[in-house]
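Working notes for the structure below.
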Amino acid sequence: MITTSIERAVSALIKGEVIGLPTETVYGLAANCYNEEAVKKIFELKKRPNDNPLIVHVKDASAVEGLVTSIPEVAKRLMHEFWPGPLTLLLPKSKLISDTITANSPLVALRSPDHEIALELLNSIDFPLVAPSANPFMSVSPTTAQHVADYFEDNISVVLEGGSCKKGIESTIVGFEGNEIRIYREGIITQEVILNTLNDVTVGKIGEKNVTHPGMYKRHYAPKTPLFLCKDLLAELQRYDHHKIAILSFIPIEGIDCYPSAVLSEKGSLEEAAQNLYAHLIELDKSGADIILTQLLPDHGIGKALNEKLIKASTPIE
Ligand code: TXA
Ligand code: MG
């Protein structure tokens, strides 16, 4: 089922099947956005509640016309600067986009993935692709074709091989209030990056009370093994010493070599930590440990998005 054949992927999509799609962020479960049955299949496969909308993937900014009724000037500038790339824009949908895709919202989420194979595929078909991350609802997002195959092996016939995802965490999602940009989901493209690139714009976060969509469920990207966030890893190790403990640390920590452990970045790079986060969580989840202990990362730049993921994946410590 894991294949490098674009032709096989195209023919599966034309038949209304769902496929595994590599992107630069995480792998997606993709289907023809104009085929309502195929769109519904995605929700079934993921066991995703149908009030949680899907992102539409396009080959480039020109492919957005027709899918939306209007595009604020600032959105055009964002597309120009960041597409293809890990930035998803919320725009008013046209009739071409079904209410199933947007979960009845008048807005549709759109992005153009920065991945050679995804773009080659999008250029070989004449429809956009809806694609949520290719994990069952509430589990860790996949960053390799094998992760997708492990999750869905009996239920999809094609997973396009695209290597390990270069970015490793989901796209930043932004919406607009007039010409103001609002961040709905943090990602690699941070508020600072947007401000540094378009220096005359206003970027804010949406308030908690405005969160209507469940991408923002409190517990979300969770491994099955309880994951605890601790201030001092070594001290917590003593506390749980009767358990089989796995450790996920940002950089190597002396004195914990004897445990099943994973280091997010030997050299302390947040970009590298993002690339490795989900693969390490999946690996430690399979290690047979009773619990996984981890720590928050430096809370700046993409560290903020990573910490948000860790907090959502964790079980509160008593
Ligand atoms: O990087 C990514 O964005 C990956 C890759 C595959 O492109 N996709 C992804 O999709 O993360 P998903 O479905 O796992 O997360 C998309 C989130 C949803 O949970 C939802 O909260 C938000 O995007 N979303 C989608 N459409 C929306 C809409 N119309 N209004 C508000 N939020 C929306
Ligand atoms: Mg997801």
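Each value in this text was obtained by applying a stated rule to the coordinates, not by laboratory testing. Every value quoted in this text rests on a predicted model; they were computed, and no experiment measured them. Virtual Cβ from ideal backbone geometry, glycine too; neighbours counted across all protein chains shown.
Any idea which of P92, L45, A63 is furthest toward the positive side of the dipole for region 31-94, if Lys and Arg beta-carbons carry +1 and Asp and Glu beta-carbons -1?
L45
On full extension of the chain, what length is gained from E272 through N155, given 0.36 nm per residue of separation minus the C-alpha to C-alpha distance?
Gain in length upon complete extension: 38.9 nm.
Given the chain, what percent of its DSSP beta bridges are antiparallel, to the nearest 5?
Antiparallel: roughly 45 percent of the beta bridges in the chain.
What is the diffusion coefficient of region 92-200 in µm²/s, taking the Kirkwood radius over Cα pairs and the Stokes-Einstein relation at 10 °C with a viscosity of 1.306 mPa s?
97
Taking the beta-carbon count within 10 Å as an exposure proxy, list S261, S70, S141 from fewest neighbours to most.
Ordered by Cβ neighbours within 10 Å, fewest first: S70, S261, S141.
Shape of region 1-127 from its Cα gyration tensor (a ≥ b ≥ c, root eigenvalues): rounded if a/c is under 1.5, otherwise prolate when a/b > b/c, or oblate?
Oblate, because a/c is 1.5 or more while a/b does not exceed b/c.
Compute, for region 7-99, the length of the dipole vector about the Cα centre, with Cβ point charges of +1 (Lys, Arg) and -1 (Asp, Glu) only. Units Debye, rounded to 20.
180
Going toward the positive end of the dipole of region 128-199, with +1 on Lys and Arg Cβ and -1 on Asp and Glu Cβ, which of S139, L129, T197 do you reach last?
T197
I need the calculated FRET efficiency for the pair K312 and H243, taking r as the beta carbon distance and R₀ as 35 Å, to the nearest 0.05.
For R0 = 35 Å, the calculated efficiency reads 0.95.
If I take every Cα pair under 8 Å that is 6 or more residues apart in region 142-190, average their sequence separation and divide by the length, what percent do I get for the relative contact order?
Dividing the mean separation by the residue count of region 142-190 yields 29 percent.
Which whole number in µm²/s is D for the chain by Stokes-Einstein, with the Kirkwood Rh taken over Cα pairs at 20 °C and 1.002 mPa s?
Answer, rounded: 107 µm²/s.
Could you work out the relative contact order of region 83-125, using alpha carbon pairs under 8 angstrom and six or more residues apart, expressed as a whole percent?
The value is 48 percent.
Rank the residues F82, F137 as a footprinting-exposure proxy: fewest other Cβ atoms within 10 Å of their Cβ go first.
Ordered by Cβ neighbours within 10 Å, fewest first: F137, F82.
Label region 214-315 by shape, choosing from rounded, prolate and oblate, from the square roots a ≥ b ≥ c of the eigenvalues of the Cα gyration tensor; if a/c is under 1.5 it is rounded, and otherwise prolate applies when a/b is larger than b/c, oblate when it is not.
oblate
If we count other beta carbons within 10 Å of each Cβ, what is the order of R185, R111, R239, fewest first?
The order, fewest Cβ neighbours first, is R239, R185, R111.
May I ask you to derive the relative contact order of region 215-318, considering only C-alpha pairs under 8 Å and at least 6 residues apart, and to give it as an integer percent?
The normalised contact order for region 215-318 reaches 44 percent.
Shape verdict for region 1-67, please, from the Cα gyration tensor: rounded (a/c under 1.5), prolate (a/b greater than b/c) or oblate.
Judged from the Cα gyration tensor, region 1-67 comes out rounded (a/c under 1.5).
Might you report the magnitude of the Cβ-based charge dipole of the chain about its Cα centre, with Lys and Arg at +1 and Asp and Glu at -1, to the nearest 20 debye?
In total the dipole reaches around 720 debye.
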